[in-house]
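Working notes, beginning with the structure itself.
The values are calculated or read from the model by the stated rules, or taken from the named source; none is laboratory data. Not measured: the values here are computed from a predicted model. Here the Cβ positions follow ideal geometry from the backbone for every residue, glycine too, while neighbour counts run over all protein chains shown. Side chains are part of the model used for accessible areas, which takes the heavy atoms of the whole protein and leaves out ligands, DNA and RNA. Shrake-Rupley method; radii C 1.70, N 1.55, O 1.52, S 1.80 Å.
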Amino acid sequence: MSAHNPRTGAILAEFSGHLAGPSISNESSENLAVSSFRPPDGATMLTAIDPDSGMLWEQVLEGDTTPASASDKAIYLRVGMGNVTITWSDGHQQQRGQERIPMPVLPNGTGLFPTGDPYEYVLASPQLDGLKAENR
């Protein structure tokens, strides 16, 4: 299995095994994070791909880790009862505990967060030009 540049057809990354869930993309840079299951050792891998330069990094995901969304700087993952962020640039992981993670993140940084109630969300905009962001 492999990922290709859609404009040139060049191979960006190759994966062993099969896809392990939905891929996550970052709308502003078009980076892609792909989860794959590697049969020989049963590991689930997360591979970050830049659409121009190819594979950024690859990491083994622990347990029931599931990629959920991404912003221009980080990938948000659900891990059991907690959350983790991984930076696009270097693959650095940071535990986030029970802190809510955004569902989608728009190119301008606006995020949609679940409140915990069915069909209810909070829209959070980034601070722009010194103005305070508003949550609605």
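Numbers at a glance
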| read-out | value |
| --- | --- |
| Other-chain or far-sequence residues with amide H under 5 Å of Ala13's (modelled H) | Ala3 |
| Unit charges on C-beta of K, R, D, E only; dipole of segment 9-135, Debye | 240 |
| Dimensionless Rg/Rh of segment 1-122 - Kirkwood Rh, Rg from C-alpha atoms | 0.98 |
| Accessible-area ranking of Ile101, Ile11, largest first, probe 1.4 Å | Ile11, Ile101 |
| Simple label model, 7 Å out from Cα along Cβ direction - Thr66 to Gln93, nm | 1.8 |
| Of the GluC sites (Glu not before Pro) in segment 29-74, those whose Cβ has at most 16 other Cβ within 10 Å and which sit in DSSP loop | Glu30, Glu62 |
| Relative contact order (%) - the chain, alpha-carbon pairs under 8 angstrom, separation at least six | 13 |
| Accessible carbon and sulfur surface of the chain relative to its total accessible area, %, 1.4 Å | 52 |
| nm² value of the averaged projected area, convex hull over the Cα atoms of segment 15-76 | 4.1 |
